[in-house]
Amino acid sequence: MSNYIIETRRLDFLFRSGQPILHQLSLQIPAGSIYGFLGPNGAGKTTTLRLILGLLKKQEGSITLFGKELAGHRLDILGRLGSLIEQPSLYLHLSGRENLEIFRLSYQCPKKRVDEVLEIVRLKDAASKKVKAYSLGMKQRLSIAIALLHDPELLILDEPTNGLDPSGIIETRELIKSLNREHSKTIMVSSHMLAEVEKMATHVGIINKGKLVFQGALQELQQLKSKQSAIEIEVNDTAKAQRVLNGHFPVKQINGSRLLVDFESKEKTALLNRTLIQQDVEVYQMALTQNDLENLFIEITSE
């Protein structure tokens, strides 16, 4: 049996207008992972999640969850997963507890489960407050609590930190990590923020214009980033610095008083610094610059 809790093979999807959204998308999401599904807005992330949940009908390819084809086992599969797609649907005039009670009845869960999920998402103290008085981060956590009511093995979260303030982003990120680590949930989380995904994911898939351009463990992505990173050096004389470095550390770019040189290792960076100082070039500052998501797409797709 496959170790992948979600697997898609050569998934294609077109809108009725004929506009292609997904092309030959093959995802492999390991059981027990936090899978960061990265891509810019409009890349096809939400469409992919809707297909995996059966909210859209696939046109080509296959979708397998828990080792079963979605097409023939949809009800069984949906009973084992929870999801939050786009904006949370909540009853604002009711309290957090009352919202959970409504969904508990539809899920036919034990009554004690409401207190359990409130504890998990850290909303027990706010359970009696009307949801309209909740912050956006609290609403997001309540929506995750609803998705957890039937104790699913798999959670699918679409941009769960989108629009949150820094405090809300941290709370949601820590909740996702806790659900994975302490409650043994496999989690697929989409995002357009590379730095945020790096702080919580174990595995990453990157989609751009409907195509999967990278998939692997987080360490593989970080190695790729480090290969494409550069050292930015601020000096008193860029022309002299370039002459000193050429042949040993090829200069990629000069911008005012700053030079960019490929990052190779910490040891090579220390040698670069010594070389400049020994040749009487004053080094004001050195910093490692890493690719943001947009530049990473360009680097990956150009390869």
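Let's see how each residue does on (1) of a type in the set (F, W, Y); (2) surrounded by 17 or more Cβ atoms within 10 Å (Cβ to Cβ); (3) closer than 21 Å to T161 by Cα; (4) not assigned by TED's automatic domain parsing to the domain that holds G44:
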residue: T186; (1), (2), (3), (4): no, yes, yes, no
residue: L194; (1), (2), (3), (4): no, yes, yes, no
residue: K240; (1), (2), (3), (4): no, no, no, yes
residue: L245; (1), (2), (3), (4): no, yes, no, yes
residue: K268; (1), (2), (3), (4): no, no, no, yes
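Quick grid of which residues meet (1) of a type in the set (S, T, Y); (2) over 27 Å from the mean Cα position of the chain (by Cα); (3) not in a helix (DSSP H, G or I):
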position	(1), (2), (3)
G54	no, no, yes
T64	yes, no, yes
Y91	yes, yes, yes
E98	no, yes, no
L105	no, yes, no
D125	no, yes, no
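In region 217-236, the residues that are under 30 Å from Y4 (Cβ atoms) form Cβ pairs under 6 Å with partners that are at pLDDT below 85 and outside any loop (DSSP other than H, G, I, E, B), at six or more places apart or across chains, as follows: Q228/E299.
Kindly establish whether Q228 is surrounded by fewer than 16 Cβ atoms within 10 Å (Cβ to Cβ), within 30 Å of R10 (Cβ to Cβ) and at pLDDT below 85. Let's see the steps before the verdict.
Values: surrounded by fewer than 16 Cβ atoms within 10 Å (Cβ to Cβ): no; within 30 Å of R10 (Cβ to Cβ): yes; at pLDDT below 85: yes.
For Q228, the condition - surrounded by fewer than 16 Cβ atoms within 10 Å (Cβ to Cβ), within 30 Å of R10 (Cβ to Cβ) and at pLDDT below 85 - is not met.
Among all positions in region 139-161, there is no residue which is exposed (fewer than 14 other Cβ atoms within 10 Å of the Cβ), part of a helix (DSSP H, G or I) and not small (G, A, S). For L164, the criteria (1) in contact (Cβ under 8 Å) with a residue 24 or more places away in the chain; (2) under 28 Å from S26 (Cα atoms) hold in every case but one, which is (2). Is it true that some residue in region 170-185 is in contact with a Leu (Cβ under 7 Å, 6 or more places away or on another chain) and assigned to a strand (DSSP E or B)? No, there is no match, as no residue in region 170-185 is in contact with a Leu (Cβ under 7 Å, 6 or more places away or on another chain) and assigned to a strand (DSSP E or B). The helices (runs of 4 or more DSSP H) located wholly in region 186-271 that include 2 or more residues which are farther than 30 Å from F37 by Cβ occupy 238-245. L65 satisfies every condition listed in (1) farther than 30 Å from H23 by Cα; (2) out of contact with any Gly (no Cβ under 7 Å at 6 or more places or on another chain) except (1).
The values are calculated or read from the model by the stated rules, or taken from the named source; none is laboratory data. Please read all numbers here as calculations on a predicted model, not as lab measurements. For neighbour counting, all protein chains shown are included, and Cβ atoms are generated from backbone atoms with ideal geometry for every residue, glycine included.
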